[in-house]
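First the structure, in the form of structure tokens, and then the observations on it.
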Amino acid sequence: MTLLVVREYATLVQGHTARLIDGNPLRAEVPARAFASLRGLLLEPGNDAQSVLTAGVQGGKEVLKLSSWVGVLQTPDGTQIEVLPKVLEDDSDVARTRQLFIRMLSALLGFTSREWRAADLDASKLPLMEFFASQFLTAVARLVRQGIARTYLEQPQELPALRGRLDLPRHLPLQLSRPSMLAVVADEFLLDRPENRAIRAALEVIRPLLRAPANLRLHTRLRMAFEDVPVSREPLQDLRIWHRDRSYRQYTDVRPLVELVLRGQSPLTAQGKAHVHSLLFPMADVFEAYVAQVLRECVDAQGNRQYLKVETQLAEHHLACQRGRKVYLLKPDLRLTLPDGKEVLADTKWKRLNASAGPRGGVDMADLYQMFAYGQKYLAGKGEIWLIYPKTAMFPKKLDPFIFTDGLSATAVPFDLEADMSSGLAALHPSH
């Protein structure tokens, strides 16, 4: 297996080996077979590969351009492309970038801050795929030690004595060939549960992606532990009906990792001729989830929460009505309740602003139109809206507010991706 680490929006060109060109993580060379597999994704029906990579020509050579989807791509020839987000000024610090990305991704997967801080300890030591696999396999191994849940299910059987209830539609024909046997339906205490089927499906999905000997050994043991679990026909449906009550508490920690493996939020599919395995995530969604989690835990110097309530994915108002029906749902990312009871709307934007480029700093006009609509519908035309962007050296403090009307404004504010909530350092500085 050959590992190549690049950044989002990197350009890939065809070559002899997997390597960065001049050490630049935004431009890389991949072997011909790997390049052909990635290019083949664009021709396969059933996926949305164009949202992950696009084909083009630079300097007379065919290139593939990555997007803001981040994670791992693995081609059949063993080339593993790790796509990391641009979260640090220093692109050369792969370990620190990987560690911060794991922390951000943990929010999208529903981990608590305590859980992702524990994961931080190992995040920089392994390639991204092996880290994901290690976390998943460790959680499943912990579940096996605590006990795999079983349930009673009715099973048709043919027995010499009555057990359960007699199944007459099956019993009468059976008497013609085997008169000494009874066709019955009896309860059996089985492993056939949606949680177990989803875990087994995840074990099958992740197997081709493993390379580390420790992960391979652990996977073999776990595969034997789930050998009696039926193969799931619809793993995502099993994930949706996963039981979350107290009697299945041992399954709580493993569920987000199973979802990571099965869903991955990737628009690509491993089916078809390309056979490219992927575990990819839209960085805009990762950033949004991370901001929400950090703001929920954000405290001031006295240890008081800076936001009494952090609500996500609002869906309360539409832009307009047509023929008596509401159309164009408006969905702000966040609604923050300040200690004085004031409510502020916020939208996260995974984009690097440049305050030196002018007073607008690169804020898109379309985003401002969107914020104006939010303000009219959610704030009745009076209030404040924050556009939250990653904090960088080119965007260290908030921009001057965009005034829509008397009483309604939107302000672009920086969010510190490396802020440490445990020390009371605020990630967001809208007042500065």
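The numbers here are math on the coordinates, done by the rules we state, and not lab data. Quick caveat, the model's predicted, so the values are computed rather than measured. Note: ideal-geometry Cβ built from the backbone for every residue, glycine included; neighbour counts use all protein chains shown.
The table that follows gives values for the structure above.
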read-out	value
Gain upon complete extension [residue 397, residue 367; 0.36 nm per residue less C-alpha separation]	8.9 nm
Estimated inter-spin distance, residue 90 and residue 318, nm [label 7 Å along Cα→Cβ]	5.3 nm
Using alpha-carbon coordinates, inclination of helix 365-378 to the longest axis of the chain, degrees	80 degrees
Stretchable slack from residue 328 to residue 144, in nm (0.36 nm times residue separation minus alpha-carbon distance)	61.5 nm
The chain: calculated mean residue ellipticity at 222 nm from DSSP helix runs of at least 4, using -39500 (n - 2.57)	-9500 deg cm²/dmol
Cut-off 13 Å, label 7 Å out along Cα→Cβ of residue 211, residues of segment 52-87 by amide N	72-83
Exposed GluC sites (Glu not before Pro) absent - longest run of the chain, DSSP non-H/G/I/E/B, at most 14 other C-beta within 10 Å	90-226
Estimated distance in nm for a label pair at residue 204 and residue 2, the labels positioned 7 Å out from Cα along Cα-to-Cβ	3.2 nm
Between 0 and 90°, nearest 10: helix 94-108 axis offset from the chain longest Cα axis	70 degrees
Calculated P(r) tail over 30 Å for the chain, as whole % of Cα pairs	55 percent
Positive-end residue, segment 298-423 charge dipole about Cα centroid, Cβ charges, pick of 321, 298, 374	321
Surrounding net charge for residue 83, when Lys and Arg each add one and Asp and Glu each subtract one, Cβ distance under 14 Å	+2
FRET efficiency, residue 158 to residue 228 (Cβ-Cβ, R0 35 Å, nearest 0.05)	0.95
Whole-Hz ³J(HN,Hα) from phi, Karplus 6.51 cos²θ - 1.76 cosθ + 1.60, for segment 83-90, glycine and proline x	9, 9, x, 7, 10, 10, 5, 8
FRET E, pair residue 220, residue 304, Förster distance 56 Å, beta-carbon r, rounded to 0.05	0.65
The chain - percent relative contact order, Cα under 8 Å, separation 6 or more	12 percent
Residues residue 245 and residue 404, FRET efficiency given R0 of 60 Å [Cβ-Cβ distance, rounded to 0.05]	0.80
Length gained when the stretch residue 337-residue 9 is fully extended (0.36 nm per residue, less Cα-Cα span)	114.5 nm
Cα-based helix-to-principal-axis angle, 32-41 vs the chain, degrees rounded to 10	90 degrees
Amide H contacts of residue 69 (H built 1.01 Å from N, under 5 Å, at least 5 apart or other chain)	283
